[in-house]
Protein chains: 2
Amino acid sequence: MKTRDRILLCSLTLFNGRGEPNVTTLDVSTELDISPGNLYYHFKGKNEIIAELYEQFEAAMLELQVQSLESDSALLDMWTYLQFSFEIMAQYLYFYRDVSNLLGRYPLIRKRFNRLLGRQRKSLEVLSQALLLEGVLQAEQNDIASLVEHMTMAMTFWLNYQRVQAPDMEHFDPDLAQCAYQVMALLMPYLDVAAREELRLIADSYL
Amino acid sequence: MKTRDRILLCSLTLFNGRGEPNVTTLDVSTELDISPGNLYYHFKGKNEIIAELYEQFEAAMLELQVQSLESDSALLDMWTYLQFSFEIMAQYLYFYRDVSNLLGRYPLIRKRFNRLLGRQRKSLEVLSQALLLEGVLQAEQNDIASLVEHMTMAMTFWLNYQRVQAPDMEHFDPDLAQCAYQVMALLMPYLDVAAREELRLIADSYL
């Protein structure tokens, strides 16, 4: 593994574990047992590491965005979309742990993250409209707008919501299926009986 | 105003504006134009300031918790509860900005905050059951449990959700009525036509 990649991986691990605001580049070089000069040769500061990790995170998230259905069940597609999304979000947990703080210090990332939120909204919108077309979801268009907004919000903060209630925050082990389920639970009141049952079955096989 | 109170108020202002992890006690004494020694005489470190501010915040929040209805409309009571809650949460914005980070560093506050979350859940439960009794809300008991969980989560993170999308995060000016409305919007699919209309009217007069 190249030094540059080792620095990125080590930073990610320390950020996720301790929180990005509590980790310095010196912590990273100490952990890797390399000189600060060697780290500096690859990254001119923490901001360059942050930028690179955000690139990776964003690329992985953008790949998941939904333009059209993959399976013959929009409910299943939504479940898959949410599960994979939370997997990536948990991999880059540091970002969500301190999202408000991080975005305050990195305006460029703030812009990009807001674009990503827009893409997530769009994916959830595509999936919700598909549920409507399939006739399993009964809602007015403005209900769907509100639903998509709440789902986007829940996607962004459910990991944090779990974390602040975890018995051991330091070694927080997120329950990703639970996160995905909680986002989908927002659909429940709009689903017909069969779809509610289908959602419960999907959930049961993962939770 | 006593020096001790000036220190608390100044800390709160700086924490809210810059984020608590980015503010030192030296920043506070500089801002107040007092010596670090003078500050130290009142508070032995940032943790003592944090503890005192949390006491104030918690006391204000606990006073709002609902045991029974105040008005003859549970919908209006819920709106009042949420509006006042968000007012206090915005006053202590620093806490919600960095909630995950803060709780990681202050285990005692983590315990107390989780107790507060429990009290908020209980208040939302009381209000939801009142809506059910009034016959304006149609839901099974497990729908209500899920609803209360989502409302608690939205209460905790909607300010942050607004903030990460704000054009100017540094001088973020939260829209509290919007926050309260978004939490209540989770009720929408369970309300009867008249109650949906009532909620829209309440919202219109504030939004």
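Computed from the coordinates by the stated procedures, all read-outs in this text should not be read as laboratory data. Treat the numbers as computed from the prediction; the structure is a model and nothing was measured. Here the Cβ is made from the backbone with ideal geometry for all residues, glycine too, and neighbour counts use every protein chain on show.
Here are the numbers:
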{"item": "Sequence-distant residues sharing a close amide H with B:SER73 (under 5 Å, placed H)", "result": "none"}
{"item": "Two-site label geometry, B:ASN142 and B:GLN67: point separation in nm, points 7 Å out along Cα→Cβ", "result": "3.3"}
{"item": "Local net charge near B:HIS42, Cβ-Cβ under 11 Å (Lys/Arg +1, Asp/Glu -1)", "result": "+1"}
{"item": "Local net charge near B:ARG18, Cβ-Cβ under 11 Å (Lys/Arg +1, Asp/Glu -1)", "result": "-3"}
{"item": "Relative contact order [Cα under 8 Å, 6+ residues apart], chain A, whole percent", "result": "22"}
{"item": "Backbone HN-Hα couplings from phi across the stretch B:168-175 [Karplus 6.51/-1.76/1.60, Hz, Gly and Pro as x]", "result": "10, 5, 4, 10, 4, 10, x, 9"}
{"item": "Kirkwood Rh and Cα Rg combined as Rg over Rh, evaluated for the protein assembly as shown", "result": "0.98"}
{"item": "Kirkwood Rh in Å, taken over all unlike Cα pairs in the stretch A:71-164", "result": "14.4"}
{"item": "Pairwise centroid distance, computed over Cα atoms, of the stretch B:20-51 with the stretch A:1-44, Å", "result": "31"}
{"item": "Helix-only CD estimate at 222 nm, as mean residue ellipticity for the protein assembly as shown, using -39500 (n - 2.57) per DSSP H run (n ≥ 4)", "result": "-24500 deg cm²/dmol"}
{"item": "About the Cα centre, charge dipole magnitude for the stretch A:78-207 (Lys/Arg +1, Asp/Glu -1 at Cβ), debye", "result": "840"}
{"item": "Contact order normalised by residue count of the stretch B:126-207, Cα under 8 Å, 6+ apart, percent", "result": "36"}
{"item": "The stretch B:3-44: relative contact order in percent, alpha carbon pairs under 8 Å with at least 6 residues between", "result": "38"}
{"item": "Lysine pairs within chain B, Cα separation less than 25 Å, 8 or more sequence positions apart or different chains", "result": "5"}
{"item": "Inter-chain shielding of A:196-205 (mean C-beta neighbours from other protein chains, 10 Å cut-off)", "result": "0"}
{"item": "Separation between Cα centres of the stretch A:55-129 and the stretch A:133-170, rounded to whole Å", "result": "12"}
{"item": "Segment B:GLU149-B:ASP33, length gained on full extension (0.36 nm per residue, minus Cα span)", "result": "37.2 nm"}
{"item": "A:ARG121/A:PHE84 FRET efficiency (R0 25 Å; Cβ-Cβ; nearest 0.05)", "result": "0.90"}
{"item": "Sorted by Cβ density within 10 Å, fewest first, the residues A:ILE50, A:ILE34", "result": "A:ILE34, A:ILE50"}
{"item": "Cβ-based exposure ranking for A:VAL148, A:VAL28, in which fewest neighbours within 10 Å come first", "result": "A:VAL148, A:VAL28"}
{"item": "Order of A:THR30, B:THR80 - criterion: other Cβ atoms within 10 Å of each residue's Cβ, fewest first", "result": "A:THR30, B:THR80"}
{"item": "The stretch B:145-207: GluC sites (Glu not before Pro) falling in loop per DSSP and having at most 15 other Cβ within 10 Å", "result": "B:GLU170"}
